[in-house]
Structure formats: structure tokens, C-alpha cells
Amino acid sequence: MNEPWPVTDLDPVRRLHALAGGVRGAYVTEAYVDAPFERVWSLLGDLEGAFGQVVPDMERLRVVRRQGRHVEALVRSRYGMRARLRGVQQPGWCWLQSRFLLLGVAAAPEGPGTRVAFTGGVRLPAHAALIPLGVRREGGRSVQRLTALL
């Protein structure tokens, strides 16, 4: 009766798939990039700098509070939308969300390179769903921009 509960560790990319699987309308773009994890995460983890060059619709992101791995940031999209995002950032993982916006990025070492994954989008008010317009295209553009920066 008291058998231990099964436990498994997921790498950040698999964890992103698992979390996005619980959000209706979410789509995960995943790719392999031929660069070491440390180099990839130095760009993706730089929320106020290179991150905005990778994610196509981010015009500005400013971290206003950081406590350990917990982050709060103000963002503005190139379409004029503004949001206060709250979430978690640690090596290989960033999940930020507000009432109307979700942003998820993950990276994990794979051989000599890195596996990366992106998800995100605009939430429907009062629903646990994302508007699926342009999500696949934006994810693909994020991978292209990341590869160009590397």
C-alpha cells in the first residue's frame, strides 16, 4: 500500500511540451541548433537583451523584479500590446505569463548542440486557451533568428 510514487525527471524541452499540452491552442516549435547549450542559453536567457532579437514580436522586455528564479517583467510587443509577466527563469527554462500573454522557452544540451523549444501566444480573456493565429510562424521565425545570432 505504501509503495513509492513513480518519479521522473524531464529535461526543459520535454517539460515545455508537457506544460503547453495543458493549454488549449498552444503549439510548441522545437528545433536542434548546432551550438553548445551555454552559447544558446546566453542569448535566450538574456531577457532584456538578445531575447528580444530572437522572439519576433517582442519590442521591449524589462525585468522589474527578480528573486531567485522568479521573474517579473514588463513587456511591449511590436503591435503595441503591453503586459506584466510573472514566472520562472533558470538555465534552460523560462516560463512567463500574464492574464493575456504566455511565453515559454526551453533549451537542453543534445550531443554537441542544443535542442530548443518555443511556445506562447495571446490568451483569450477568461479562458485557458491561446489564440492560435501566427503561433507556428512566430516559433519558426524565433528558431531562424536564434540560428542567425549564433
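Along the axis of the charge dipole computed for the chain (Cβ charges of +1 for Lys and Arg, -1 for Asp and Glu, origin at the Cα centre), the listed residues A106, Q53, W93 are led at the positive end by Q53.
For the chain, what is the accessible area per residue in Å², given a 1.4 Å probe and the full set of protein chains?
Working: 8720 Å² over 150 residues.
For the chain, the solvent-accessible area averages 58 Å² per residue.
Take the alpha-carbon positions of the chain, form their convex hull, and give its projected area averaged over all directions (one quarter of the hull surface) in nm².
Working: hull surface 42.0 nm².
Taking the Cα atoms of the chain, their convex hull projects to 10.5 nm² on average.
Which percent of the accessible area of the chain is formed by carbon and sulfur heavy atoms (probe 1.4 angstrom)?
Values: 4610 of 8720 Å².
About 53 percent, which is the carbon plus sulfur part of the accessible surface.
The values are calculated or read from the model by the stated rules, or taken from the named source; none is laboratory data. Since the structure is predicted, the reported quantities are computational estimates derived from the model, not experimental observations. With ideal geometry, Cβ positions are generated from the backbone for all residues, glycine too; neighbour counts draw on all protein chains shown. Protein only, heavy atoms only, side chains kept; ligands, DNA and RNA dropped before computing areas. Shrake-Rupley method; radii C 1.70, N 1.55, O 1.52, S 1.80 Å.
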